[in-house]
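Engineer: Have a look at this one before I ask anything.
The values are calculated or read from the model by the stated rules, or taken from the named source; none is laboratory data. Predicted, not measured: the structure shown is a model, and the values here were computed from it. Using ideal geometry, Cβ is built from the backbone for each residue, glycine included, and neighbour counts are taken over all protein chains shown. Quick note on the areas: whole protein, heavy atoms, side chains included, nothing else; ligands and nucleic acids left out. Shrake-Rupley method; radii C 1.70, N 1.55, O 1.52, S 1.80 Å.
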Amino acid sequence: MKARGHFQREDAITERNETLVVTAEAGSQSAATSGADAPVAALEEVAFAYAGSDHRALDGVTLELRRGETIGLMGASGAGKSTLAKCLNRIVPAFEDGDFRGRVTIGGRAIDGSQVCELAPRVGMVFQDFEAQLFSTNVAHEVAFAMEQAGMARAEIAARIGPALEAVGLKGFDDRDPTSLSGGEKQRLAIASVLAMRPDLIVLDEPTTDLDPEGRAEVFALIRRLRAEGRTLLVIEHEAEELRGCDRIVILRDGAVIAEGEPASVMGRLELLETSGVHPPDLNRLLGMLEIREHAESIDHAEAIIRAHFPDLPRVERSESEAVEIIAEVRASVRPETAAAPEPIAQLERVSFAYPFGPRVLDTADLTIAPGEFVAVIGQNGSGKTTLAKHLVGLLQPETGRVLIAGRDRAGLAPAATAREVGYVFQNPDHQIFAGTVEEEIAFGPRNLGLGADEIAQRVEEVLAAVNLGAMRGRDPFLLSKGERQRLAVASVLALRPRLLILDEPTTGLDYREQRKMMALVRALNRDGIAIMIITHTPWLVAEFARRAVLMRRGRVVFDGAVRELFARDDLLAGSSFRAPEATALGRRFGFVALSPEELAERIRGFA
Amino acid sequence: MPIYLYIDHRSAIHRLHPTVKVFALFVMFWSVYWVDHPLALLPLGILMVALAQTTGAWPNFYRLRWLFILLIFFTTLAWMVFYRRGPALINLPIIHLSRASLVFGFGRGLKLAELLATSVLFLSTTKVEEFTAGLQRMGVPYRVGFAITLAFRLAPLFIDSALTVVQAQSLRGYDFNRGGPIARARRYVPVVIPVFMGALRKANNMAMALEARGFGISAAPTSYIDFPMRARDRMAFAIVAGIGVLYFGIYYFGYGAIAVN
């Protein structure tokens, strides 16, 4: 693989593709280093194949993690990232049956005879699933847990809890119930409980997958702080822009390291990133489109680079008056989506809702969805997005206000009664999959509606083709990948032929390639006339795919309008834990509200 | 909506030593076991209501109100079928409605409701860590105690997951209430499979996370929380023990049973 562009320093990149080119430095790493100079952790020719699998999840990985270094590990789902991480504390092979080869050392010592729990004081691990790693009923107990297991004295435990919580910004949270924390706080708590053990290495396995943009920002800000403190970190992540601050980026593909180097070297290799299932940074994509061969480390940096090449670009100070001008321009250019709608499919009229003894989750919410719309519902965790959607399908009944489906009040109707009008795909596809084959899973819904065999067969064929799962029709759904199971979940709801399809976080846990595939499917369905309402935390996805955005805050709809207008409103974004994609934020500095790097590049080229 | 029952209210009951609370749980079960008559069970019921009020556990009782009502109603009804003693007040097919069957059935329903109420009250006022510590102090090995308390922690998660699966299948037009009892039970297959698979995955993830946090290094881990046995705990222990003795006495001297005329 050849490095492209003068900004990529060949000496900084270690490529290990088919030709297995290894730099002198990497090649010289010895298996038996120990003592003070030993790397914090090292994998030497590590290979692992899960029992029953005919391919290796890891295939001869050699990697060193040096003291004080932060490594970003990226790659598609199934590339071997989590398997690699789990080798570092022997979860693989201790918890996973399979064929393990090679050698892993921590602090220069091989760990092959150790138990996972014995390595806890040396290697701290933060998992993706925060529900599964919090065991206690209060924050201080949670931080104390690992230290109690290690047999530390009470006074020592007490002395470590405060600093650990302070380090992650949870000072004063000692008595809080972990289940009452936000997603970002839960992950920071998991990190605190690892920090308190003062391990040599902290491994974070996609720690922000289920978090809203604010939660993500909190966790990555913490990672930057830990890096500044000189901790040794391994961070697994799909979004390349989050890893710009790492010392080294490692890309895995099919269980092997295919590229390794400084962020500046790796981030500009857009094709490599995309083919590895990684979302390349928007700023790098933009620079690539403008044929500028430089790496942008931040929005400020990208602005400076672009202005150097396009000196005539306007300068927009983000004053209120100019923001208003932008909004006015946007409003003039956007045709209201609902203007031509004959009759709404779904309407919420001043709906309020609270769980017993709980706070109000929906507060006089109004919403109308017309045929053919593509609406993104956004807002921080707990803002009421899912509660709002559950009212549309009848899983929750409003306390006050009413819900209309195709003009009919849905009060008193069972959820299934409006299945032909509104379909709902849950966030986790595994909450609905149960059948023995893909085909049977899809046929389940139409069969429940009492349709005839011919009609069911026809619908199954239609949706199999729509979601591109035809070749897997006879497969066991539980053996499909997460992305395929997500598409199957969509297919099984599509078979009911709803006019409005609600998708709750359909891209969570998917890599960039799978996310694009899923969203291409959703866009195609929308073009076929199905109205789409998508609940999401992903800014680029809202910008590129939705036409209308509904922003929720504390149970209220605080914005309902064109996506372009939303991204022109700094006031709304700032108060709602949402942020514009980097390309959009950069475009604002030139006076544009561009929704994708492609659109921004086109606008900028106009000033050449 | 909170999925766990613990309510951080810091009442006197919350602050009791965990061993006393575990002992109280046992004694309440014991006391309820020995008597059948609703009048004998009534003081325990009143005590539960008073404790629910003072500990701020009402929201949990409210959440489970239908369970309490259905438990008492259907148990009373069921015993009218099987407990066929005393002269019938009204002649009905299958059901034997007599004063004795009514009192006995209602007593059994009340008994079950009080067992449930005791558990709800205990879980509303006791943290998982306290439960573990309480069991440990009573001689239960740490790992066994932890496993028991973890089950209490996981149960609401699985119930929550099962409810989500029921919702997902309902939205695909599935009717869980079609057919007789056996057919209905079989219709829960589309719920059982996803919940079971999810439970396996969750249990595996949790086991990995536990070991990664050092669970298992030591057979007797230290405890961050100190649980000194104070005077109020000793007093509560004595009161609870007194209730246990009193109820055994009620049984022993023949009170609390239901007389059949």
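Okay, residues lined up against (1) under 30 Å from B:ARG201 (Cα atoms); (2) acidic (Asp, Glu); (3) within 14 Å of another protein chain (Cβ to nearest Cβ); (4) surrounded by fewer than 22 Cβ atoms within 10 Å (Cβ to Cβ):
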site	(1), (2), (3), (4)
A:VAL377	yes, no, no, no
A:PRO415	yes, no, yes, no
A:GLN427	yes, no, yes, yes
A:GLY436	yes, no, yes, yes
A:GLU440	yes, yes, yes, yes
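Engineer: Would you confirm whether any residue within region B:98-117 is under 9 Å from the mean Cα position of the chain (by Cα), within 14 Å of another protein chain (Cβ to nearest Cβ), touching a residue at least 60 places away in the same chain (Cβ under 8 Å) and closer than 30 Å to A:LEU134 by Cβ?
Structural biologist: So far as region B:98-117 goes, no, none of its residues is under 9 Å from the mean Cα position of the chain (by Cα), within 14 Å of another protein chain (Cβ to nearest Cβ), touching a residue at least 60 places away in the same chain (Cβ under 8 Å) and closer than 30 Å to A:LEU134 by Cβ.
Engineer: Then there's this: Could you list, in sequence order, the residues of region A:157-214 that are basic (Lys, Arg) and either in contact with a His (Cβ under 9 Å, 6 or more places away or on another chain) or within 29 Å of A:LEU73 (Cα to Cα) (or both)?
Structural biologist: Listed by number, the residues that qualify are A:LYS186, A:ARG188, A:ARG198.
Engineer: Same structure again: Tally up the residues in region B:166-224 that are facing chain A (nearest Cβ under 7 Å) and aromatic (Phe, Trp, Tyr), please.
Structural biologist: Qualifying residue count, region B:166-224: 3.
Engineer: Can B:TYR142 be described as among the aromatic types (Phe, Trp, Tyr), out of contact with any strand residue (DSSP E or B) (no Cβ under 8 Å at 6 or more places or on another chain) and either closer than 22 Å to A:ALA491 by Cα or at the interface with chain A (Cβ under 7 Å from one of its Cβ atoms) (or both)?
Structural biologist: no
Engineer: Scan region B:26-45 and report the pairs whose first residue is among the aliphatic types (A, V, I, L, M) and whose second residue is open to solvent by 70 Å² or more (accessible area, probe 1.4 Å), with Cβ atoms within less than 8 Å and a gap of 6+ or a chain change.
Structural biologist: Note: pairs meeting the criteria are B:VAL35/B:TYR251; B:VAL35/B:TYR255; B:ALA40/B:TYR255.
Engineer: Of all the residues that make up region A:383-413, how many are touching a residue at least 60 places away in the same chain (Cβ under 8 Å), crowded, with 18+ Cβ neighbours inside 10 Å and among the small types (Gly, Ala, Ser)?
Structural biologist: Summing the residues that are touching a residue at least 60 places away in the same chain (Cβ under 8 Å), crowded, with 18+ Cβ neighbours inside 10 Å and among the small types (Gly, Ala, Ser) in region A:383-413 gives 3.
Engineer: What number goes with the only condition from (1) within 30 Å of A:LEU510 (Cβ to Cβ); (2) within 12 Å of another protein chain (Cβ to nearest Cβ); (3) touching an Asp or Glu at 6+ places or on another chain (Cβ under 9 Å); (4) not aromatic (Phe, Trp, Tyr) that A:VAL203 does not pass?
Structural biologist: Exception for A:VAL203: condition (3).
Engineer: Next question. Quick one: count up the residues across region A:254-274 that are in contact (Cβ under 8 Å) with a residue 60 or more places away in the chain, surrounded by fewer than 24 Cβ atoms within 10 Å (Cβ to Cβ) and either polar (S, T, N, Q) or in contact with a Pro (Cβ under 7 Å, 6 or more places away or on another chain) (or both).
Structural biologist: Of the residues in region A:254-274, 2 are in contact (Cβ under 8 Å) with a residue 60 or more places away in the chain, surrounded by fewer than 24 Cβ atoms within 10 Å (Cβ to Cβ) and either polar (S, T, N, Q) or in contact with a Pro (Cβ under 7 Å, 6 or more places away or on another chain) (or both).
Yes/no per residue for (1) more than 7 Å from every other protein chain (Cβ to nearest Cβ); (2) closer than 21 Å to A:LEU226 by Cβ; (3) surrounded by fewer than 18 Cβ atoms within 10 Å (Cβ to Cβ):
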{"position": "A:GLU118", "(1), (2), (3)": "no, no, yes"}
{"position": "A:VAL126", "(1), (2), (3)": "yes, yes, no"}
{"position": "A:GLU142", "(1), (2), (3)": "yes, yes, no"}
{"position": "A:ILE161", "(1), (2), (3)": "yes, yes, no"}
{"position": "A:ARG176", "(1), (2), (3)": "yes, no, no"}
{"position": "A:VAL194", "(1), (2), (3)": "yes, yes, no"}
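Engineer: Given the structure, is A:ASP312 assigned by TED's automatic domain parsing to the domain that holds A:VAL168, more than 21 Å from the chain's Cα centre (by Cα) and either open to solvent by 10 Å² or more (accessible area, probe 1.4 Å) or within 28 Å of A:GLY606 (Cα to Cα) (or both)?
Structural biologist: For A:ASP312, the condition - assigned by TED's automatic domain parsing to the domain that holds A:VAL168, more than 21 Å from the chain's Cα centre (by Cα) and either open to solvent by 10 Å² or more (accessible area, probe 1.4 Å) or within 28 Å of A:GLY606 (Cα to Cα) (or both) - is not met.
Engineer: For region B:12-60, which residues satisfy the criterion of being hydroxyl-bearing (Ser, Thr, Tyr) and more than 30 Å from A:PHE353 (Cβ to Cβ)?
Structural biologist: B:THR19, B:SER31, B:TYR33, B:THR54
This table checks each residue for (1) at pLDDT below 95; (2) open to solvent by 10 Å² or more (accessible area, probe 1.4 Å).
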residue: A:ALA217; (1), (2): yes, yes
residue: A:ARG225; (1), (2): yes, yes
residue: A:GLU241; (1), (2): yes, yes
residue: A:LEU252; (1), (2): no, no
residue: A:PRO280; (1), (2): yes, no
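Engineer: Also: Condition first: in contact (Cβ under 8 Å) with a residue 40 or more places away in the chain and either open to solvent by 100 Å² or more (accessible area, probe 1.4 Å) or small (Gly, Ala, Ser) (or both). Now tell me which residues in region B:77-97 satisfy that.
Structural biologist: Result: B:ARG85, B:GLY86.
Engineer: Let me ask you something else. For region A:119-139, give me each residue that is assigned to a helix (DSSP H, G or I) and at pLDDT below 95.
Structural biologist: Correct list: A:PHE130, A:GLU131, A:ALA132, A:GLN133, A:VAL139.
Engineer: Do we find a residue being closer than 30 Å to B:ARG15 by Cα and either open to solvent by less than 40 Å² (accessible area, probe 1.4 Å) or out of contact with any strand residue (DSSP E or B) (no Cβ under 8 Å at 6 or more places or on another chain) (or both) anywhere in region B:187-199?
Structural biologist: Among the residues of region B:187-199, not one is closer than 30 Å to B:ARG15 by Cα and either open to solvent by less than 40 Å² (accessible area, probe 1.4 Å) or out of contact with any strand residue (DSSP E or B) (no Cβ under 8 Å at 6 or more places or on another chain) (or both), which makes the answer no.
Engineer: Filter region A:506-544 down to the residues that are buried (at least 20 other Cβ atoms within 10 Å of the Cβ) and of a type in the set (Asp, Glu) and list them by number.
Structural biologist: A:ASP511, A:GLU514
Engineer: Out of everything in region A:145-159 that is of a type outside the set (A, V, I, L, M, F, W, C) and in a helix (DSSP H, G or I), what residue ends up being most open to solvent (accessible area, probe 1.4 Å)?
Structural biologist: A:ARG154
Engineer: At least 1 residues that are at pLDDT below 95 and either assigned by TED's automatic domain parsing to the domain that holds A:LEU201 or of a type in the set (S, T, N, Q) (or both) in each: list the helices (runs of 4 or more DSSP H) lying fully within region A:1-109 that qualify.
Structural biologist: A:81-87, A:91-94
Engineer: If the requirement is being among the hydrophobic types (A, V, I, L, M, F, W, C), open to solvent by 10 Å² or more (accessible area, probe 1.4 Å) and over 25 Å from A:GLY230 (Cβ atoms), which of these qualifies: A:ALA79, A:ALA47, A:ALA51?
Structural biologist: Checking each option against the conditions leaves just A:ALA51.
Engineer: Quick test for you: out of A:ALA370, A:ALA346, A:ALA365, A:ALA354, pick the one residue that is out of contact with any Ser or Thr (no Cβ under 8 Å at 6 or more places or on another chain) and not polar (S, T, N, Q).
Structural biologist: A:ALA354
Engineer: If you scan region B:46-66, which residues turn out to be within 14 Å of another protein chain (Cβ to nearest Cβ) and either in contact (Cβ under 8 Å) with a residue 12 or more places away in the chain or under 30 Å from B:ALA259 (Cα atoms) (or both)?
Structural biologist: Those that are within 14 Å of another protein chain (Cβ to nearest Cβ) and either in contact (Cβ under 8 Å) with a residue 12 or more places away in the chain or under 30 Å from B:ALA259 (Cα atoms) (or both): B:ALA52, B:GLY56, B:ALA57, B:PRO59, B:ASN60, B:PHE61, B:LEU64.
Engineer: Give the residues of region B:85-102 that are under 25 Å from B:GLU114 (Cβ atoms), outside any strand (DSSP E or B) and out of contact with any helix residue (DSSP H, G or I) (no Cβ under 6 Å at 6 or more places or on another chain), sorted by residue number.
Structural biologist: B:ARG99, B:ALA100, B:LEU102
Engineer: OK, next. Going by the conditions given, is A:ALA549 out of contact with any Ser or Thr (no Cβ under 8 Å at 6 or more places or on another chain), under 30 Å from A:ALA354 (Cβ atoms) and either modelled with pLDDT of 95 or more or outside the structural domain of A:ALA354 (by TED's automatic domain parsing) (or both)?
Structural biologist: Criteria met by A:ALA549.
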